[in-house]
Amino acid sequence: MSQDPSNALDTVIGGGTSKVADSSQALQEARQLEADGDRVGAITVLRTISGSNDEAAFRLAFLLDLVGEEDEAVSLYEELNRRQQQPSINVLLNLAILHEDRGDINSAERCLKQILDTNPNHPRARLFMHDVRSSKDMYYDEEQARDMAKRSALLDTPVTDFELSVRARNCLKKMQIRTLGDLLKVSEAELLSYKNFGETSLVEINQMLSSKGLRLGQSLQSHYSRMRQEIYEELKGKASEAVLNKPITQLDLSVRARKALQYLGVHTVGDLATRTEAELMGVKNFGATSLDEVNIILGNYGLDLRNLD
């Protein structure tokens, strides 16, 4: 809730002597109505002078906030902020509170920053800024939590909910692939190796996943990527950064071995040392001779292929 406007405004603008007298009389009347519990009456009186009297405008904004007219209160505070040569700290504080209450965290932060830029030790502004930034962190955490919940719900969707052929659906069922998340844990090669699962079924599934921004083996790739990064960090104790970052194109490898490594996404010596013999031998045309080449080169740098264990 905004702070009480009594004597809170920094400057008051008046016109001629009679105008000041009229404004003062109206302000006095509004205060009396407010004291009597007639907020609506006070608001009515203050509206008549708020355009030319900053104190009346401030008090009007405060009362509008109390009766739930937040939109008009915000507009009044913003108008006050624009028309004052030196913005009032109390206007900015109340405006910041309203913005935060309405969930506009960035606007609240801007108001408080405007105060702290000229008065960095203002206690209330510093306190509110701490609260606002905490709310901002919570807001982003909530956004992230919502995104994660949506993704989790998507991955839990049964594959039977999607338009797939009977053959594809039956194959997935026999492979114990029941949800979208299960599909992301298998590779194209694993699907194609299953009896009766052909290229047509693979195209169906790839198209369905692609429409949702997903792909086969996605979860496996994320897992292997994290695992290889951990292994790479361990390799730094065995070889220098220069060695680990050395491109395989600069190694004395046969064309067959080099193409096989490029197919696997191996680009540096460090990448190569995170792979296993089984991964390399699983590539078409990569045989025992190519494996010997790789082992000799890695050995020259004091490295070897990753042990499967």
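Quick note: the coordinates plus some simple rules give every number you see, no bench work behind them. These numbers were taken from a predicted model, which means no experiment stands behind them. Neighbour counts are summed over all protein chains in view; Cβ atoms, including those assigned to glycine, are modelled from backbone coordinates with ideal geometry.
Given charges of +1 on the Cβ of Lys and Arg and -1 on the Cβ of Asp and Glu, with all other atoms neutral, how large is the dipole of region 159-216 about its Cα centre, in debye to the nearest 20?
It works out to roughly 200 debye.
Find out how many positive minus negative residues lie around VAL255, taking Lys and Arg as positive, Asp and Glu as negative, among other residues whose Cβ is under 15 Å from that of VAL255.
+2
Count charges around LEU202 for me, please; just the other residues with Cβ under 13 Å from its Cβ, Lys/Arg as +1, Asp/Glu as -1.
Local net charge: -2.
VAL203 versus ARG110, label points 7 Å from Cα toward the beta carbon: distance in nm?
With each label point 7 Å from Cα toward Cβ, the separation is 5.3 nm.
Just to be sure I understand the model, the point goes 7 Å from the Cα along the line to the Cβ. What's the resulting LEU291 to SER24 distance in nm?
10.1 nm
Defining a contact as two alpha carbons under 8 Å apart and six or more residues distant in sequence, what relative contact order in percent does region 234-300 show?
This gives 34 percent for region 234-300.
Taking N as the number of residues in region 159-216, what is its alpha-carbon radius of gyration divided by 2.2 N^0.38 Å?
Taking N as the residue count of region 159-216, the ratio is 0.97.
Report the charge-dipole magnitude of region 234-300 in Debye, nearest 20, computed about the Cα centre from +1 at each Lys and Arg Cβ and -1 at each Asp and Glu Cβ.
180 debye
May I ask you to derive the relative contact order of region 17-143, considering only C-alpha pairs under 8 Å and at least 6 residues apart, and to give it as an integer percent?
Once divided by the residue count of region 17-143, the mean separation gives 12 percent.
First select every other residue whose beta carbon is under 12 angstrom from the beta carbon of ARG126; then total the charges, Lys and Arg +1, Asp and Glu -1.
Counting the neighbours of ARG126, the net charge comes to +2.
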